[in-house]
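J.: Pasting in a structure now, in structure tokens, and then I'll have a few things to ask.
The values are calculated or read from the model by the stated rules, or taken from the named source; none is laboratory data. Because the structure is predicted, anything quoted here is derived from the model rather than measured. Glycine also receives a Cβ, built like all others from the backbone with ideal geometry; neighbour counts cover every protein chain displayed. Surface areas here come from the heavy atoms of the whole protein model, side chains and all, with no ligands, DNA or RNA. Shrake-Rupley method; radii C 1.70, N 1.55, O 1.52, S 1.80 Å.
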Amino acid sequence: MKKILIVDDLHPAFKMQAIAMGYEVDDEPKITREQTLAKIKDYMGIAVRTKFRIDSEIFAAATNLKFVARAGAGLDNIDDKIAFERNIALINAPEGNCDAVGEHATGLLLSLMNNFRRADLEIRNGIWDREGNRGYELKGKKVGIIGYGFMGQSFAKKLAGFEVDVMAYDKYKTGFSDAFAREVSMEEIVKHSDVLSLHIPLTAETRQMVDDEYFFHFKKPIFFINTARGEIVITKAVLNAIDSGKILGAGLDVLQTEKFPAMGEQPWYEALKENDKVILTPHVGGWTFDSYRKISEVLAEKLKGLSF
């Protein structure tokens, strides 16, 4: 019963390579959660991107499940505790979209430092303000990276040509200094950073980790980038830090609440929307035309390494 159910939009590379490995693959990107629950018992594998959470209800129905393939970097939409208890393998593909995330974070940072959003809007409205849109150069700045996995490393590599001092802190790794970043303590990040960029997963420990107190400890005004997970950061704390001058500009690809109408109903939404020191993108940092293919290729390679 080597059957895989694809419930999301994946590049055909995953399906083609899985078939070559001897799997029967049902590619149903439009399938609903309810339809999945009705048929998942017939499959040993499920491939998902972001459509719905693979939770206790899905696992209970998936009596023959052996693996979950997550077409992306994080595993926060999968109940990994249940998977571990049932010895269900989890595979993901941070290698497939780390370049996309690194480039997106760099783009957000450059846009913020040079007032691209505000300048563009002003010119479109008949305003020519050179002085008000004077920017900052990256050269010589100290960039603090929180989390030095695939995403943090990618961002550090993308910054290599800007002649910046890249500092990285990772609570779960040591001895990782390389040609692109030097390992430092959190105290050094707080004391010296001109730029702060998050590249950590969403866990019980990191959820709402970045709050008012977190920003309070930074010694210098910073540019803040989040391409990780929105729930790590309390959005109102970002707005408060902008108001107090702690944050010079924020580039947010992810938000505490995402998608409409839910996002528009949040008490912070109007202030965020109107703030010209914020650049927003709709959780697309790791979602490029190129990563779409690469993620599926990485997943297929990892599928080859599974044994049942």
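J.: State the percentage of accessible surface on the chain attributable to carbon and sulfur atoms; use a 1.4 Å probe and exclude ligands, DNA and RNA.
T.: Accessible surface attributable to carbon and sulfur in the chain totals 53 percent.
J.: Let me ask something additional. Using only the alpha-carbon atoms of the chain, report the extent along each of the three principal axes, biggest first, to the nearest angstrom.
T.: The Cα atoms of the chain stretch 66, 45, 33 Å along their principal axes.
J.: What spacing in nm lies between the two simple spin-label points modelled at Lys173 and Glu274, each 7 Å away from Cα in the Cβ direction?
T.: My value for the distance between the label points is 4.2 nm.
J.: Can you bin the stretch 220-308 into rounded, prolate or oblate? Criterion: square roots of the alpha carbon gyration tensor eigenvalues sorted a ≥ b ≥ c, rounded for a/c under 1.5, prolate for a/b above b/c, oblate for the rest.
T.: Verdict is prolate for the stretch 220-308.
J.: So what does log10 I(q)/I(0) come out to for the stretch 40-103 at q = 0.12, 0.14, 0.22, 0.25 Å⁻¹, using the Debye formula with one equal point on every Cα and no solvent?
T.: -0.30, -0.39, -0.85, -1.05
J.: How long is the gain from Phe308 to Asp290 if the chain were fully straight, where each residue apart is worth 0.36 nm and the alpha carbon distance is subtracted? Display every interim value, and only then the final one.
T.: Numbers: separation 18, 0.36 × 18 = 6.48 nm, distance 3.12 nm.
Difference between extended and current length: 3.4 nm.
J.: Distance from the Cα centre of the stretch 196-230 to that of the stretch 127-176, in angstrom?
T.: Spelled out, the Cα-based centre of one part sits 14 Å from the other.
J.: Among all lysine pairs in the stretch 178-308 that are eight or more places apart or on different chains, how many have alpha carbons less than 16 angstrom apart?
T.: Lysine pair count for the stretch 178-308: 12.
J.: Along the charge dipole of the chain, Cβ charges K/R +1 and D/E -1, which of Gly147, Pro201, Ile40 sits furthest on the positive end?
T.: So the residue furthest toward the plus end is Ile40.
J.: Contact order normalised by length for the chain, with contacts defined as Cα pairs under 8 Å and 6 or more residues apart; what percent is it?
T.: The value is 18 percent.
J.: Shape call for the stretch 1-90 from the C-alpha gyration tensor, a ≥ b ≥ c root eigenvalues: rounded (a/c under 1.5), prolate (a/b greater than b/c) or oblate?
T.: rounded
J.: With +1 on the Cβ of every Lys and Arg and -1 on the Cβ of every Asp and Glu, and nothing else charged, how large is the dipole of the stretch 1-143 about its Cα centre, in debye rounded to the nearest 20? Display every interim value, and only then the final one.
T.: Working: 22 positive and 22 negative charges, 42 e Å.
The calculated dipole for the stretch 1-143 is roughly 200 debye.
J.: Could the peptides 180-192, 223-235, 45-57 be put in order, highest first, of the mean number of other beta-carbon atoms found within 10 Å of their residues?
T.: 223-235, 45-57, 180-192
J.: Another question about this same structure. Which shape class, rounded, prolate or oblate, goes with the stretch 129-278 when its Cα gyration tensor gives a ≥ b ≥ c as root eigenvalues, a/c under 1.5 marks rounded, and past that a/b bigger than b/c marks prolate?
T.: Oblate is the answer for the stretch 129-278, as a/c is 1.5 or above yet b/c matches or exceeds a/b.
J.: Relative to the Cα centre, what is the charge dipole magnitude of the chain, using +1 at the beta carbon of each Lys and Arg, -1 at the beta carbon of each Asp and Glu, and rounding to the nearest 20 debye? Intermediate results must be reported in sequence, preceding the final value.
T.: Working: 41 positive and 45 negative charges, 88 e Å.
Computed charge dipole of the chain: roughly 420 debye.
J.: Roughly how big is the stretch 95-152's charge dipole about its Cα centre, with Cβ charges of +1 (Lys, Arg) and -1 (Asp, Glu), in debye to the nearest 20? Show your work: numbers first, answer last.
T.: Details: 8 positive and 8 negative charges, 56 e Å.
Dipole size: approximately 280 debye.
J.: Still on this structure: Among residues other than Asp129 whose Cβ falls under 13 Å from its Cβ, what is the net charge (Lys/Arg +1, Asp/Glu -1)?
T.: It works out to a net charge of 0.
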